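Step one of this worksheet: look at the structure below.
The values are calculated or read from the model by the stated rules, or taken from the named source; none is laboratory data. Note that this is a predicted model, so its numbers are computed, not measured. A quick note on method: Cβ atoms are made from the backbone with ideal geometry, for glycine too, and the neighbour counts reach across all protein chains shown. Heavy atoms of the whole protein, side chains included, go into the accessibility calculation; ligands, DNA and RNA do not. Shrake-Rupley method; radii C 1.70, N 1.55, O 1.52, S 1.80 Å.
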Amino acid sequence: MKTLSLISTIIAGAFLIYGSMDMPHWGDPYSPASTHVSPYYLRNSLKDTATPNVVTSVLADYRGYDTLGETTVIFTAGMGCLLLLKKRRKK
Amino acid sequence: MLGETSILIVIIPLISAALTPLVGLAREGLSYLCTITALTLSTLASVHTLFRVLTEGTVHYGLGGWPPPFGIELVVDPLNGMMLVLVSAVGLIVAVYSYRGVEQELTGRMVYFYTLYLLQVTGFLGILITGDLFNLYVFLEIASLAGYALIAVGEDGAPMACFRYIVMGTVGACFYLLGVGYIYISTGSLNMADVHLLMKGLYDSKVIATAIAFILTGLAIKMALFPLHVWLPDAYTKAPSAASALIAPLMTKISIYVMIRILFSVFGISLFVELFPLNRIMVWAGFAAICGGAVMALAQTDFKRMLCYILVAEVGYMIGGLGLANAIAIRGAILHILNDAVMTAGLFTVAGIIMHRMKSHRLADFEGLFQKMPFTMSAFVVCALSMIGVPPTCGFFSKWYLIHGAILARQWPFVAALLGSSLINGILFFRVIEVGYVFQFSTPAHTHAGEGMNRMEEAPLSMLIPTVGIAVAIILIGFYNQAIVKHIIDFALPKL
Amino acid sequence: MFESLLHHYNYWMFIGLMMIGFYAMMAKKNLIKKIIGMNIFQSAIILFFISTSVKGGGVTVPILEHPEGAQGGFVDVMKYANPLPHVLMLTAIVVMVATLGVALAVVMMIYKRYHTLEEDEIALIRRKQGLKC
Amino acid sequence: MEVTLLIEATESAFKILEDARNHAAGIMDTTVELMAEESRVLRDKKCRAIFTGAQRRKTRFHNFMGTAIILFIFWSLLSGHFDLFHLVLGAVCSLAVSYLFHDLLFVNVRIGNLRTMAWRFLIYIPWLLGQILIANMHVAALVLRPKMPISPRIIRFKTKLETDISKVTLANSITLTPGTITIDIRGDEFYVHALSHMVADDLYGGEMEDRVAHIFMEGDHLYLQDALDAARIYETLGV
Amino acid sequence: MIRESDDVIVRTVARLLMPFITLYALYVVMHGHYSPGGGFQGGVILAAGFILLVVTQGIDRVKRRMSQEKAIIFSSLGLLIYAGIGALCLILGGDYLDYGTLGRPLSVQRAEARSLGILGVEIGVALGVMAVMCAIFFAIFTPDQKNGRREQ
Amino acid sequence: MIPTFNFILILFLFVCAIAAITIRDLLSAVLVLGAYSFFMCLLWAQMTAVDVAFTEASVSAGIGTVLFIGAVSRTERRSKD
């Protein structure tokens, strides 16, 4: 089991390193991640939502549905814990 | 814009899930009613959306009023329209069915159960309807978390099985997230359609290759593709019967749907067929899954566990069908998603009824069941025939398409595996039918046991009607499969 | 090669952490250890996403200064870090803690039943009781 | 003879009767007195109960408002936005928080002396800072000397402080001064780790303790807690 | 069962800090627009405050302020606030979660309405996160000891 | 970017991660995991992701550690590996 997991770990790691070779350089301000969608948020956050903290405006407004899902995730976890650890009335 | 029903499909179960604990604190039984109402409304909404999609074409819905690459977008096309109807309908039927089982197995915890049930369905529907890669991850996690909790409350040994599922499932979800990260860093977008457009120039990038590998591995864990299926049999065998009847048919199918969506709508068909030998790998993975699942199923003495291994084999059908990469095989695979969900739901509801009456799901306890519960067992026979692939039932048609496609693609081992698996399914189910039908006459002990033993012990109506309904649906889908294929699936096929 | 190392070492850091977590999840027998590995694994992935948001050279946090001044419409995008991965990772962190909660609840159920947290001991107990594990 | 006898007998009989009447009257009187006493006590008790109830409500209101005001000041320090919206938000928040936690901030506070206490506390702080400075120099001198003549020890002393808050203030003051650390408080005994005997002697001298006692006005015995306890006793008696 | 802490210092300092922690959490929630923070962080700090109170004061004395039932109610209330604001936008004629449509009934600008909508949503998130964290904490820290022993 | 600071943080991260999975005393492992989360939080703050760092500090290093400690104290402290 230990060797198997070690092998699978190393395969996964090697694959990821192979994949990272073609990535844009670290901290490159002109990488696609920084130029395609995100400038829109930075430019329009104040105009659209009057919120200087762009993270908040993206979190709760532009991608509000994600955050709804996230609250639901937390709610699910809470209900799950209650379902699992609820005191049983009768054995 | 209340006329826009696509958003209501997800939102109604979600809001009801939040309402259920409040309602349930007042009276426990109300949570059941809340669940049924919400799922009925959601089913109606999804049917309406499907009809709209079929008449008007793909529906787009930008949440929060933002244009798609910036906000999150819901997309309903014929493929996920069909899946939405399927999931919400199965969810509704299983919800109606679940009441007695929950009352018996989870006394005093009904409110939490139904809350999680609704959240589970919400997660499924959210996965299906979204057009955003990260949003898919969020809803995948909702579905997974609800699934963990629902499975872990099962019979003895369920927590350990569930823990294994949690570990594997988290690895799967994280691999998916990692793949999305690799896509994001090379394209800068998360919207599926947008990523598809941006992907065109990036086909030779190593980043994209890694992203594909990790997303597919993650989804393969979630759908229990053969070597990664180890969590599935334990988890689904030990889950409460209502939970397994909901999760077992749908979770694997939804992962396969996500795989179709990622491969065809995000990465694009040319990447899939031309640049990588991905379709070969998938055919062989399907082959391995069918063989492995069928062989393991033969070795089981437990009914539910046997069904779980059959489920593993069925995943192989669909993955192999996708990997064959011709229109007929993919049509067969998509039709098989629909058929398999319905058939598996039928089988697991039958298992739940037997669990409810006999307090066991070992094969040995099936003796004389045909006399005790004739309706249940006839529903079971319909499901079994469909699993084997006998013509009037729906299982036949998808298998026909799959075999036809495999022959066209000249993948003879896969054809052999499909046929062999049908044969093994036949053996498996006839063994069950034999135990249930033949033994009651052959063993004299039972005739002596007299009236008490052979009395009718038919399941309560609230469990029986959904089960028989599923059996009827199997036959109806079989009769109308041409219509389904012509009006829905042919629009869902990728342009090959 | 050296060039690539210089530019990608930050991505590789996350790969190393992820491997540690992944190994712990797979190889460790203790259930709490597995959960610890899970936590490390997930936060390594979050580290990767955060590294995609970095822009070199004097960028600040994505909180726009001078709300009145920027009302005119011009915001120098290159001055602020990319906010989108931050948002995604907020969600991922919450998912992480939710998974942690459910996993710990399951672990406590397991402990209540078997009075041990070692995977092999649990398997032994189940075998002794004649149950398949 | 017989007549005198008769007269005597009659006299004695009358005397007995008289005595009996006197006794009866006395008994009657004491009864009346007792009854009066009891009703007076009852009335008194009722009055006191009403008084303490009102007092309790009043102190609760004071606690509530005091907490709210302190919290609002805290909010203003944090916020830095002084437009109407944020101020109203802050007021609502601090009222809500003080509704939830009004009984936490001021327990064992003497009635009506809050202002004095706050004033004395403010005066105490510069003195404490001065002490910290002196102790700093002392410790620096100790450790910078090449021989490093430290003699670490754990000392134990009894304190005369009574309330929790004053004990905690003393303990934290001790910990804040370099060279000494409060390890534990058990009942009224302090366990303190000291770096050298000079610091320990300072502690034994008890100046800091006196000052802390001065802040919290230890010595009188009319604590709010007592009043509350009395009120609770009355309530359980059902008066 | 968690009993009251027997350390005077911990007990008293926790008692004194508690209102400030709560207010700080609310500040974090309300000022998510201008500074780092928001619903999750604020909610978690709120929950941490309650957990501190439970650890120092014992679970019985905290029951009045936060109990299992209250946690359930608040968690579903938090989710309902979020989903309800979204549904309100839907009813007012916009898309789901389009807070801009809230501007008309509140008679403010679209951008201001969005800002207010974000605030409302954050409050919902904070409430839900706080309640759920408390619920998980209660569930993990107070299982049924008696039943556990009886089972053996 | 201050590369040295970055390197030191990453070094600490690795040390904490390896320690967290190798220490046999579960309570210590959990506390080391809390330290790991905190170093992670510092690293993110240094990468200008303050919101995420804040969340990590409160969620993972705070509540996560508390839940872990709860589970460990209610189950058992020692582990075989």
>> From Cα pairs below 8 angstrom and at least 6 apart in sequence, can you work out the relative contact order of chain B, rounded to a whole percent?
In response: 15
> Any idea what the dipole of segment B:260-365 comes to, in debye rounded to 20, about its Cα centre with Lys/Arg Cβ at +1 and Asp/Glu Cβ at -1?
Replying inline: 240
> In degrees between 0 and 90, to the nearest 10, how far off the longest principal axis of chain C does helix C:83-114 point, with axes built from Cα atoms?
Replying inline: 10
> Which distance in Å, rounded to a whole number, links the C-alpha centroids of segment D:140-159 and segment A:1-50?
Replying inline: 55
>> Taking each pair of distinct Cα atoms in segment B:277-496 once, what is the resulting Kirkwood hydrodynamic radius in Å?
In response: 18.0
> Which shape class, rounded, prolate or oblate, goes with segment F:2-73 when its Cα gyration tensor gives a ≥ b ≥ c as root eigenvalues, a/c under 1.5 marks rounded, and past that a/b bigger than b/c marks prolate?
Replying inline: oblate
> Dipole of the protein assembly as shown, Cα-centred, from +1 at each Lys and Arg C-beta and -1 at each Asp and Glu C-beta, to the nearest 20 debye?
Replying inline: 2160
> Just for the Cα atoms in segment B:263-375, what are the lengths along the principal axes, largest first, rounded to whole Å?
Replying inline: 56, 25, 20
> How are the Cα pair distances of chain C distributed, in percent, across 10 Å bins from 0?
Replying inline: 11, 26, 24, 18, 12, 6, 3, 0
> Taking H as built 1.01 Å from N, whose amide H comes closer than 5 Å to the amide H of C:N30, not counting residues under 5 places away?
Replying inline: C:E119, F:D81
>> To check my understanding: the extent here is largest minus smallest coordinate of the Cα atoms along each principal axis. What are those three numbers for the protein assembly as shown, in Å, largest first?
In response: 148, 97, 68
> Equivalent-ellipsoid semi-axes (√(5λ), Cα gyration tensor) for segment D:2-103, whole Å, largest first?
Replying inline: 79, 7, 6
> Dipole magnitude of chain B about its Cα centre, charges +1 at Lys/Arg Cβ and -1 at Asp/Glu Cβ only, in debye to the nearest 20?
Replying inline: 500
> Of E:A87, E:V54, E:L26, which is farthest along the charge dipole of chain E in the positive direction, counting Lys and Arg as +1 and Asp and Glu as -1 at C-beta?
Replying inline: E:V54
>> Within the protein assembly as shown, what whole-number % of the accessible surface is contributed by carbon and sulfur, with the 1.4 Å probe and all protein chains included in the calculation?
In response: 67
> What does the helix-only formula give at 222 nm for the protein assembly as shown: each DSSP H stretch with n ≥ 4 adding -39500 (n - 2.57), the total divided by the residues, and the result rounded to the nearest 500 deg cm²/dmol?
Replying inline: -24500 deg cm²/dmol
> Gap in Å between the Cα centre of segment F:25-81 and the Cα centre of segment B:61-104?
Replying inline: 36
>> Under the rule a/c < 1.5 gives rounded, and otherwise a/b versus b/c splits prolate from oblate, where does chain E land using the Cα gyration tensor?
In response: oblate
> What's the angle, to the nearest 10 degrees (0 to 90), between helix B:374-388's Cα axis and the longest principal axis of chain B?
Replying inline: 40
> Percent relative contact order of segment E:8-141, based on C-alpha pairs within less than 8 angstrom and at least six residues apart?
Replying inline: 31
>> Please compute one quarter of the surface area of the Cα convex hull for chain A and express it in square nanometres.
In response: 12.0
> What FRET efficiency, computed as 1/(1 + (r/R0)^6) with R0 = 22 Å and r the Cβ-Cβ distance, is obtained for D:R156 and E:D7, rounded to the nearest 0.05?
Replying inline: 0.85
> Could you work out Rg/(2.2 N^0.38 Å) for chain B, with Rg from alpha carbons only?
Replying inline: 0.94
> Put +1 on the Cβ of every Lys and Arg and -1 on every Asp and Glu Cβ in the protein assembly as shown; which of B:P21, B:Y32, B:L464 then has its Cα farthest towards the positive end of the dipole?
Replying inline: B:L464
> Points 7 angstrom from Cα along the Cβ direction at D:F61 and F:E76: gap in nanometres?
Replying inline: 6.0
> For F:32-44, what's the mean count of beta carbons from other chains sitting within 10 Å of each residue's beta carbon?
Replying inline: 3
> What angle, in degrees between 0 and 90 and rounded to the nearest 10, separates the Cα long axis of helix B:412-433 from the longest principal axis of the Cα atoms of chain B?
Replying inline: 30
> Which whole-number percentage describes the relative contact order of segment B:277-496, with Cα contacts under 8 Å and a sequence gap of 6 or more?
Replying inline: 28
> Taking a 22 Å limit on the Cα-Cα distance, which of the listed pairs A:K2/C:K33; B:K253/C:K28; B:K253/B:K304; B:K222/C:K34 fall beyond it?
Replying inline: B:K253/C:K28
